[in-house]
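Chemist: The structure under discussion is supplied below as structure tokens; questions concerning it will follow.
The values are calculated or read from the model by the stated rules, or taken from the named source; none is laboratory data. None of these values were measured; they are calculated from a predicted model. Note: ideal-geometry Cβ built from the backbone for every residue, glycine included; neighbour counts use all protein chains shown. SASA here: full protein model, heavy atoms, side chains in, ligands and nucleic acids out. Shrake-Rupley method; radii C 1.70, N 1.55, O 1.52, S 1.80 Å.
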Amino acid sequence: MLDFVQQLVSGVALGCVYGLIALGFVLVYKATEVVNFAQGDLMMLGGFFAFTFIGMMGLNYWIGFAGAVAAMALFGMLAERVVVRPILGYPQFSIIMATIGLGYFLRSIAGMIWGTDDLKIETPFSQGVLRMGTLVLAYDKLSVIAATMILCTLLWLFFNKTTLGTAMRASSENMLAAYYMGIPVKRVVSIVWAISAAVATCAGVLLAPITFIHSNVGLVLGLKAFPAAVLGGFGSIPGAVVGGVLIGVIESMAGFYLAEGWKDVAPYIVLLAVLLLKPEGLFGLHVRKKV
């Protein structure tokens, strides 16, 4: 039973990281109907920025964390302006290929600047453990879960209780109608990309105590976060987080209880099973088309 609880907590912590990356997929898709396949690489770049501020420059953890988030928010706006906005209106395939190319570019740049070695960020939660009788839970995993809950709450408040958040929701529902109502759609889309990059950076920094940061970590985690977004229902913000947690828990349990090799396969088997029964995802809206 203790092993089960420990694997459950580990899976939920890893799933929270998947969920935050998936959240970036969903935010960009809802605002622009563009699937940003560079989302995982934005997480990787944010992790490297945090390592630079905290590990190399010696800044306080929280100051370095905030600096990395701010830097990546600006980078997200720049990426939208330079890469995506010039080709909006072109076929979706063109935009998808542009984001894939952006991901390759970021991985190459990261490899040239920070090298190919695995890097780790020391956090205030790296060493401690919580003991409840014979159950031992690491603070780094509990901190990831707590931080994800706080971040999701802040995003919910932002999107539902602020004027800018309302404008973003209006733009995601109908961009043309929002434009006619006087909402600055281009600025809203830039801010969405900034938020998406900032959330990805949070995922990268939270991931650092669990695993190492390297130039390909964004590609690996992005390939798991995208199915998490699909599982939760592409376009659903709560679904992205829930889908990520489910993928993380299934992966953790399969790696512990099943034979070697099932860890990476089991989440996709579950994804296929869910989509066969509920094609719109767990939280997606079902739309019945008339033939």
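Chemist: For the chain, set up a GNM with springs between Cα atoms under 10 Å and report which of A79, A259, A31 has the largest fluctuation.
Modeler: A259
Chemist: In the range 223-239, which residues have a backbone nitrogen under 11 Å from the label point lying 7 Å from T211's Cα in the Cα-to-Cβ direction?
Modeler: Those under the cut-off are 223-225.
Chemist: Further, regarding this structure: Counting only heavy atoms of protein chains, what accessible area per residue, in Å², does the range 6-105 have with a probe of 1.4 Å? Working shown, then result.
Modeler: Working: 3940 Å² over 100 residues.
Value for the range 6-105: 39 Å² per residue.
Chemist: Using a 1.4 angstrom probe on heavy atoms only, work out the carbon and sulfur share of the accessible area of the chain in %.
Modeler: Values: 10050 of 14610 Å².
Carbon plus sulfur share of accessible area: 69 percent.
Chemist: Could you work out the relative contact order of the chain? I mean the mean sequence separation of Cα pairs under 8 Å and 6+ apart, divided by the number of residues, in percent. Display every interim value, and only then the final one.
Modeler: Details: 473 pairs, mean separation 106.6, N = 291.
Value for the chain: 37 percent.
Chemist: Match the structure shown to one of the listed values (1) 61, 51, 36; (2) 84, 71, 33; (3) 74, 71, 33 of Cα extents along the principal axes in Å, computed from it, and give that label.
Modeler: This structure yields the entry labelled (1).
Chemist: Which residues' amide hydrogens lie under 5 Å from the amide hydrogen of A138, considering only partners 5 or more residues apart or on another chain, with H built in the peptide plane?
Modeler: Close amide H contacts, sequence-distant or interchain: L130.
Chemist: Which of the chymotrypsin sites (Phe, Trp or Tyr not before Pro) across the range 138-225 are loop residues per DSSP, with 14 or fewer other Cβ within 10 Å?
Modeler: Here the chymotrypsin sites (Phe, Trp or Tyr not before Pro) that fit, given the DSSP loop and packing criteria, are F212.
Chemist: Turning to a different aspect of this structure: So if R0 is 25 Å, what FRET efficiency would F158 and I63 give, r being the distance between their Cβ atoms, rounded to the nearest 0.05? Let's see the in-between values first.
Modeler: Values: r = 22 Å, r/R0 = 0.90.
It comes to 0.65.
Chemist: Then there's this: Among D264, D41, D140, whose mean-square fluctuation peaks in a Gaussian network model of the chain (Cα, cutoff 10 Å)?
Modeler: D264
Chemist: Can you compute the charge dipole magnitude of the chain about its Cα centre, using +1 on each Lys and Arg Cβ and -1 on each Asp and Glu Cβ, nothing else charged? Give it in debye, rounded to the nearest 20. Numbers along the way, then the final one.
Modeler: Numbers: 17 positive and 13 negative charges, 189 e Å.
Roughly 900 debye, rounded to the nearest 20.
Chemist: At most 16 other C-beta atoms within 10 Å and a DSSP loop state: those are the exposed trypsin sites (Lys or Arg not before Pro) I care about. Give me the longest piece of the chain that has none. Please list the in-between numbers first.
Modeler: Details: sites that count: K120, R288, K289, K290.
The answer is 121-287.
Chemist: On to the next question. Pick out, from P279, V241, A228, the residue whose Cα sits farthest towards the positive end of the charge dipole of the range 185-291, with +1 on the Cβ of Lys and Arg and -1 on the Cβ of Asp and Glu.
Modeler: Of P279, V241, A228, it is P279.
Chemist: Using the Karplus equation 6.51 cos²θ - 1.76 cosθ + 1.60 (θ = phi - 60°), what ³J(HN,Hα) coupling, rounded to whole Hz, does each residue of the range 89-100 give in order, writing x for Gly and Pro?
Modeler: 3J(HN,Hα) across the range 89-100, in whole Hz: x, 7, x, 4, 4, 5, 5, 4, 5, 5, 5, 5.
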